[in-house]
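All of the numbers you see were taken from the coordinates with simple rules; none came from a lab. Since this is a predicted model, take the numbers as computed values, not measurements. Reconstructed Cβ throughout: ideal geometry from the backbone, glycine too, with neighbour counts over all protein chains shown.
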Amino acid sequence: MRTPLLLAFLLFTPAAFTVDNGGKPTRAVLREAELRFDNLIQKQWPEDPNILLGTSRAIYIEGYGVVMTAEVNLVTGPTVSPFNPNISKESIARHRDTKLQRLPKLKELVKTGAATARTWFPEVADNDNLVVGVTLLKYSWEDPAGLPSQLIATTQRKKDAAVKLQEN
């Protein structure tokens, strides 16, 4: 079990970040950033291991910068089954309350991800953009009022650039 982790560590040592690729991050660098962002999300709520749906994706767009995306389910919801044919109003209310409690942390996490990404992509130009976008899963029975569908943090690679958060 530890051998794959050791191999992953060796593959993503700082040497992978110093390759001169004409200012473009290599696929290995993008993959390492994806893993780092996944880890940021998953360790935020360890009691809810299914918060991250799939894995993050990062792409480099020449002349623009790096865009990373993820899909998150802030709270695993109650499901309909033969043993639970209806979702109670109390369960729906509890689900919404938990989601609203976790939303501010997710907003900070997305902003932190964009700011931290500056160190993940040292080869990109200072004026290149870094974008971290998270799409939030919503169940069909949820009341979407007051809940964003997406959180998008944007900044530039340069050290003191502001991080802006957009909610859609």
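Per-structure values
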{"item": "Considering only the chain, percent of DSSP beta bridges that pair antiparallel, nearest 5", "result": "70"}
{"item": "Cα-based shape type of segment 91-168, given that a ≥ b ≥ c are square roots of the gyration tensor eigenvalues and the cut on a/c is 1.5", "result": "prolate"}
{"item": "Degrees, to the nearest 10: 27-44 long Cα axis against longest axis of the chain", "result": "40"}
{"item": "Out-of-range pairs (alpha-carbon distance over 20 Å; input Lys111/Lys159; Lys43/Lys89; Lys138/Lys164; Lys99/Lys164; Lys43/Lys158)", "result": "Lys43/Lys89; Lys138/Lys164; Lys99/Lys164; Lys43/Lys158"}
{"item": "Charge dipole of segment 36-113 about the Cα centre (unit charges at C-beta), most positive-ward option of Tyr64, Pro46, Thr112", "result": "Thr112"}
{"item": "Rounded to the nearest 20 debye, dipole of the chain from Cβ charges on Lys, Arg, Asp, Glu", "result": "180"}
{"item": "Net +/- balance of residues flanking Pro104 in space, Cβ distance below 15 Å, scoring K and R +1, D and E -1", "result": "+3"}
{"item": "Rounded if a/c under 1.5, otherwise prolate or oblate - segment 13-167, Cα gyration tensor axes", "result": "prolate"}
{"item": "Calculated from backbone phi, Karplus (6.51, -1.76, 1.60) coupling profile of segment 151-168 in Hz, x at Gly/Pro", "result": "10, 10, 9, 10, 7, 10, 5, 4, 3, 9, 5, 5, 9, 9, 10, 10, 10, 10"}
{"item": "On Cα atoms only, tilt of 89-120 relative to the major axis of the chain in degrees", "result": "0"}
